[in-house]
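The structure appears below as structure tokens.
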Amino acid sequence: MHILTRCLAVLTFSLCLGGNALAAHWFVQAGAFGRKEVAVMRQHQVRSLVPHHPVEILDLDQTDKVLYTVRVLHIESENVAMEIKKQLLANQIDAFARPEPDEDKLYNWWPHPGQEEARVEASATELDQAYAQPEKVIRGDIKMPIAPDVTTKKIVPMSLRDAILLLLRYNPDVQGREIDRIVDRYALRVAQNEFELQYALTGSYAYSHSRVAGVTQPESQSAALLPSVTLLNGIGTQFTGSLDTTSNMHSVYPQATFSLNQPLLRGFGSEVTQTNLNNTYDQEVINQLALKDGIINDVVTVINAYRQYISANNQVLIQKQSLADAIKTYDNNAAKIKAGQLESGANVQQSSQIEQLRLALTSAINNAEQLKQTLLQNIGLDPAMNIQVPDNVDIGNPKAPDTEKTIEYALKHNASYQEALIQFRITQRALTIAEDNLRWQLNFTASTTYGSSGGTGGDAGLDSLVNGRNSSQSLGLQLTVPINDLQTRSAVISAKLAVEKARINLAALKRALITNIRNQTRDIVSQIEQVKISIRSLALAEQSYELEKKKRLAGISSSLDVTNSQNQLINARVALINAKIGYLNAATALSATLGTTLNDWQIELRY
């Protein structure tokens with residue numbers, strides 16, 4: 001939602017979902033409208049342009065504003081959606097294409113699903129419009145959705161995909177990054193504006209009336225109007241045009257001035273003049289990388305929290321099963337004691353084991369509840385929501401990645417490394433500017449002025465601009481030679497050293513990234529091996545426990561042996577769950593380093 005589209009024409013998910021795929025349609029949203037009459041008119045207009053698709057009006061039904069949205073529905077593919085969007089834009093209709101959500105059940109968790117969906121979509125529309133025209137924020141508000149309070153204790157099954165989709169809607173960090181993108185985009189617009197026509201208008205009016213020694217002096221009035229335009233081009237040439245219009249009680253005196261200033265040494269050329277613009281373009285790429293990296297971190301945080309909660313729930317189930325087994329063994333022993341087949345104290349050790357397992361179960365339940373709260377907080381949901389996650393962890397057929405290919409991919413896509421490359425380029429530009437400031441400053445100026453600042457008849461009024469009686473032209477060169485300018489030289493030294501430090505840091509970052517990839521791929525190999533070992537260990541622990549119980553029934557084993565065997569079984573079950581989650585977390589960590597997490601979940605950023 002918002003800058004994120006959450007599903008594509010075909011959705012595929014990562015290992016923990018076993019590669020399931022879901023089909024999805026697209027829809028095109030033709031803006032939000034403040035009156036239903038306007039929406040109806042727009043609906044007819046859109047329907048005439050796309051007669052082969054249903055067009056409906058969605059009532060957003062917000063408490064603070066009344067908005068209506070026109071939608072084109074049931075679009076079979078992204079390409080068709082984009083064509084419809086272009087067609088609507090060509091007819092001056094604001095349009096946004098999005099995948100048609102197949103996760104409507106997410107909103108059914110709240111009291112009024114339709115209103116909640118409308119509220120979220122309205123917020124998405126406002127953000128879309130703010131991205132397209134940031135100045136719309138001046139005239140309107142951006143309101144991000146906050147997850148409603150839960151009014152029921154109904155158990156809500158939540159898949160990992162559900163958790164991620166809810167994160168994209170309600171997580172405050174995600175929403176903050178979405179809002180920041182409006183400012184980022186406008187910063188680029190401001191930098192581009194430096195090379196566009198700049199307009200200014202200055203006006204003044206003065207009136208005076210006085211008495212001197214009892215004598216009334218003549219009244220005086222004056223007014224001035226000074227419109228001006230300036231234009232800076234890519235090589236540093238600055239054009240200026242102004243019209244200085246002054247008037248008194250008798251006449252108007254306009255003067256039109258056109259001037260040109262061209263640096264010939266210092267400040268000349270696009271490499272120098274457009275440094276700020278080029279830096280802003282690079283900063284925009286950095287901002288996009290930072291956005292992607294930030295969203296990846298948010299997604300990974302929720303994935304890890306979700307898996308921790310699964311692990312904690314499995315701990316609870318294992319402890320419950322172990323406690324039930326221990327009680328069953330106690331009951332069997334009690335029956336044997338009653339029948340005289342076991343000594344009277346044979347259940348003392350088993351009673352102690354039961355109490356220890358009850359304590360462990362209480363601790364496991366408390367830990368699971370705390371991790372559930374952490375998960376809900378990370379997503380941005382009401383802590384009272386009663387969610388349920390799967391008991392098992394499916395890792396499919398795990399495979400180790402190719403280390404060298406993974407390193408090659410990481411050097412091209414890792415966000416931190418790409419940011420460092422761009423920052424190095426910005427640092428090099430700073431050196432170029434510092435060295436340019438050491439050059440002599442030689443500026444060529446030219447100006448021409450038409451009109452008069454005084455006189456009467458042909459020397460006053462608008463005629464003075466065109467009758468040729470009052471004009472002047474000038475050409476000039478201005479040379480400034482820096483002598484012993486230590487401050488400027490100091491800036492060059494600092495810039496050169498900054499470039500060298502950036503080069504060293506870039507090399508170190510590259511090696512650190514390669515080392516990290518090697519460690520992460522090695523960790524995945526190790527985790528795969530741990531899963532295999534844990535599976536074999538669990539099978540052996542189950543056989544050992546069953547054997548000890550049979551031996552105990554036969555009177556050739558002690559209660560302590562059964563207890564130890566049961567504890568080994570508990571540890572083996574926990575170890576297998578942890579090994580599986582460890583593998584999944586290792587794969588997730590590598591994906592985050594490579595920057596492919598969003599691709600794994602088919603999340604597409606709209607920058």
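FYI, it's all coordinate maths here, none of it is from the lab. Every value quoted in this text rests on a predicted model; they were computed, and no experiment measured them. All Cβ positions, even for glycine, are placed from backbone atoms using ideal geometry, and neighbour counts span all protein chains on display.
Calculated mean residue ellipticity at 222 nm for the chain: -19000 deg cm²/dmol, from DSSP H runs with n ≥ 4 weighted as -39500 (n - 2.57), summed, divided by the residue count and rounded to 500. In terms of its C-alpha gyration tensor, the range 377-453 comes out oblate, because a/c is 1.5 or above while a/b does not outweigh b/c. Just report the Cα centroid separation between the range 354-411 and the range 276-312, whole Å. After rounding, the separation between the Cα centres reads 20 Å. The HN-Hα couplings worked out from phi for the range 592-598 by the Karplus form 6.51 cos²θ - 1.76 cosθ + 1.60 (θ = phi - 60°) are 5, 5, 6, x, 9, 4, 5 Hz, whole numbers, x standing for Gly and Pro. Short to long, the 10 Å bins of the Cα pair-distance histogram for the range 74-230 hold 8, 21, 24, 15, 9, 8, 7, 4, 2, 0 percent of all pairs.
Note down, for the range 532-607, the three equivalent ellipsoid semi-axes (square root of 5 times each alpha carbon gyration tensor eigenvalue), biggest first, whole angstrom.
45, 9, 8
Label positions at ALA335 and GLN356, each projected 7 Å from the Cα along the C-beta direction, are separated by 2.5 nm. In terms of overall dimensions, the C-alpha atoms belonging to the range 427-484 reach 59, 25, 15 Å along their principal axes, ordered largest to smallest.
Residues whose amide H lies under 5 Å from that of VAL156, counting only those 5 or more places away or on a different chain, are ASN386, ILE387, GLN388; hydrogens are built 1.01 Å from N in the peptide plane.
Just to verify a number: FRET efficiency for ALA446 and ARG606, C-beta to C-beta distance, R0 = 41 Å, to 0.05?
Computed FRET efficiency for ALA446 and ARG606 comes out at 0.30.
Relative to the longest principal axis of the Cα atoms of the chain, helix 348-379 runs at roughly 20 degrees.
Among the DSSP beta bridges whose two residues both lie in the chain, what percent are antiparallel, rounded to the nearest 5? Taking every DSSP beta bridge with both residues in the chain, the antiparallel ones total about 95 percent.
Could you pull out which residues in the range 462-503 have an amide N less than 17 Å from a spot 7 Å beyond the Cα of ILE426, following the Cα-Cβ vector? Label zone hits: 495-496, 498-503.
Work out the length of the dipole vector of the range 216-370 about its Cα centre, built from +1 on the beta-carbon of each Lys and Arg and -1 on the beta-carbon of each Asp and Glu, and round it to the nearest 20 debye.
800 debye
Note that the range 339-346 has calculated 3J(HN,Hα) couplings of 7, x, 8, 10, 5, 5, x, 5 Hz, one per residue in order, obtained from phi through the Karplus relation 6.51 cos²θ - 1.76 cosθ + 1.60 (θ = phi - 60°); glycine and proline are x. Using R0 = 45 Å, the C-beta based FRET efficiency linking VAL348 and GLN377 works out to 0.50. Taking K and R as +1 and D and E as -1, what net charge do the other residues with C-beta under 11 Å from the C-beta of GLY236 add up to? The answer is -1.
In degrees between 0 and 90, to the nearest 10, how far off the longest principal axis of the chain does helix 403-413 point, with axes built from Cα atoms? Between helix and principal axis, roughly 30 degrees. Taking every alpha-carbon pair within the chain, the share separated by more than 30 Å comes to 71 percent.
A full extension of the chain between LYS412 and SER270 corresponds to an added length of 48.3 nm, given 0.36 nm per residue minus the alpha carbon distance.
Using C-alpha pairs under 8 Å with a sequence gap of at least 6, the mean separation divided by the residue count of the chain gives a relative contact order of 16 percent. Subtracting the Cα-Cα distance of GLU76 and TYR281 from their residue separation scaled by 0.36 nm leaves 70.2 nm.
Given R₀ = 45 Å, FRET efficiency for VAL492-ASP180 by Cβ-Cβ distance, to 0.05?
After rounding, the FRET efficiency stands at 0.85.
Shown in residue order for the range 231-236 are the 3J(HN,Hα) couplings computed by the Karplus curve 6.51 cos²θ - 1.76 cosθ + 1.60 at θ = phi - 60°: 9, 10, 9, x, 9, x Hz (x for Gly and Pro). Here the average projected area of the convex hull drawn through the C-alpha atoms of the range 133-184 stands at 5.1 nm². Once the chain from GLN45 to ASN233 is taken as fully extended at 0.36 nm per residue, the excess over their C-alpha distance is 63.4 nm. Decide, for the range 250-299, between rounded, prolate and oblate: order the square roots of the alpha carbon gyration tensor eigenvalues as a ≥ b ≥ c, take rounded if a/c falls under 1.5, and otherwise choose prolate if a/b is larger than b/c, else oblate. The shape class here is oblate.
Could you compute the longest span of the chain free of trypsin sites (Lys or Arg not before Pro) located in DSSP loops and having at most 11 other Cβ atoms within 10 Å, not counting the site residues?
By the stated rule (loop sites, at most 11 other Cβ atoms within 10 Å), 155-398.
Extents of the range 215-374, largest first, come to 132, 55, 17 Å (Cα atoms, principal axes, whole angstrom). The three principal axes of the Cα atoms in the range 288-351 give end-to-end lengths of 77, 14, 9 Å, sorted in falling order.
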